[in-house]
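To keep things clear, I will list the structure first and then write my remarks on it.
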């Protein structure tokens, strides 16, 4: 009898241990403390097949590109930070190093980012770095040059995604009147560093909530799920008016046809005084480590009033929260969550 009791206790203990390991695995990937990283704007998180989350973001000095990696979203808060590239002292890529995104394409790492010449700091253009090494934090980064667009004008915040065997480049660029705000464009890519064909404008700032302070649509990010292609973007000035809008298209639609896309009439994420989060925007999407849960990563400030020019304020911080799904298969971003421990259950 004693042997049977001992055996049952061992079985029960193993079952409890396995349950705890399982729970800890889920809790570890869906628990973190916001902000994940202070004073890091325009965050981009990439989950690689090596099991690491890689984070790139804009630093307040606008002078370098940093990377960090961790096995969990929470781990990014304390991960080692490596500077993989610094701005040039003169000439191109000498100012306004903004919005780096790290991607892994065809066996190589790429960082897409924005910069301007040191002598002409508002001639903002998109640029690319590449790395062929396994670990992008330790590898050698090569300057691949500027991504040439269909015309030269203020352009920034590029991202890339693959869908149904085609790779697309989506970015922000100033157009001609009456579309002389910053608009979102899409084109197919014929290599990781170049586009092909005629760019298509998907959205321009026409709603009131997109034109507060400045006429802005920028920082596109793509989420493919539930039979749809969703593209969020940021709108208005980078203060408390900053917010997220969204486009959506059927996954089988022609993504280069503007008629395929539907634009949200209201922001899908905006400032919230109850949680003390202001100006949420410039987001990306990443999966949980088990591939089952979509996570929204974005920046915001935890206070509303900014002293001086918003662009010079360093306090945009990287935050994250889980996305839920509405009955009509559209993403529900909720409200930007308050600072502190975050747990999704």
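Normalised radius of gyration (Cα atoms, divided by 2.2 N^0.38 Å) for the range 58-210: 1.09. Cα-based values for the chain, radius of gyration first and Dmax second, are 21.2, 87 Å. Reported to the nearest whole Å, the Cα centre-to-centre distance from the range 128-179 to the range 278-343 is 23.
Residue separation of residue 256 and residue 309 scaled by 0.36 nm, minus their Cα-Cα distance, works out to 15.4 nm of gained length. Relative contact order, whole percent, for the chain stands at 15, derived from Cα pairs under 8 Å and 6 or more residues apart. Estimated from helices alone, the mean residue ellipticity of the chain at 222 nm is -3000 deg cm²/dmol (sum of -39500 (n - 2.57) over DSSP H runs with n ≥ 4, per residue).
Dimensions of the range 247-330 based on its C-alpha atoms, expressed as ranges along the principal axes with the largest first, amount to 47, 33, 22 Å.
The GNM of the chain, with springs linking C-alpha atoms under 10 angstrom apart, assigns the highest mean-square fluctuation among 286, 73, 258 to 258. Listed peptides 316-325, 46-55, 240-249 appear in the order 240-249, 316-325, 46-55 once ranked by packing, highest mean of other Cβ atoms within 10 Å at the front. Given their separation in residues at 0.36 nm each and the Cα-Cα distance between them, residue 330 and residue 146 gain 62.7 nm when the chain is fully extended.
The ranking of 36, 105 from fewest to most other beta carbons within 10 Å of each one's beta carbon is 105, 36. Which FRET efficiency value, to the nearest 0.05, is calculated for residue 266 and residue 177 with the Förster distance at 30 angstrom and r the Cβ-Cβ distance? The computed FRET efficiency comes out at 0.65.
Give, in nm to one decimal, the length gained when the segment between residue 225 and residue 166 is fully stretched (0.36 nm per residue of separation minus the Cα-Cα distance).
Value of the extension gain: 19.6 nm.
Extending 7 Å from Cα along the Cβ direction at residue 273 and again at residue 122 yields two label points whose distance is 3.4 nm. Across 302, 326, 313, mean-square fluctuation computed from a Gaussian network of the chain (C-alpha pairs under 10 Å connected) peaks at 326.
Using the Cα atoms as the points, what is the convex hull volume per residue of the range 134-201 in Å³?
Given the Cα convex hull of the range 134-201, per-residue volume reads 110 Å³.
Taking every alpha-carbon pair within the range 206-273, the share separated by more than 14 Å comes to 57 percent.
Quick check: the angle from helix 2-29's long axis to the longest principal axis of the chain, C-alpha only, nearest 10 degrees? Helix 2-29 sits roughly 10 degrees off the main axis of the chain.
Taken together, the values in this text are just the output of simple stated rules run on the coordinates, not laboratory data. Quick caveat, the model's predicted, so the values are computed rather than measured. So basically every Cβ, Gly included, is an ideal-geometry build from the backbone, and we count neighbours across all protein chains shown.
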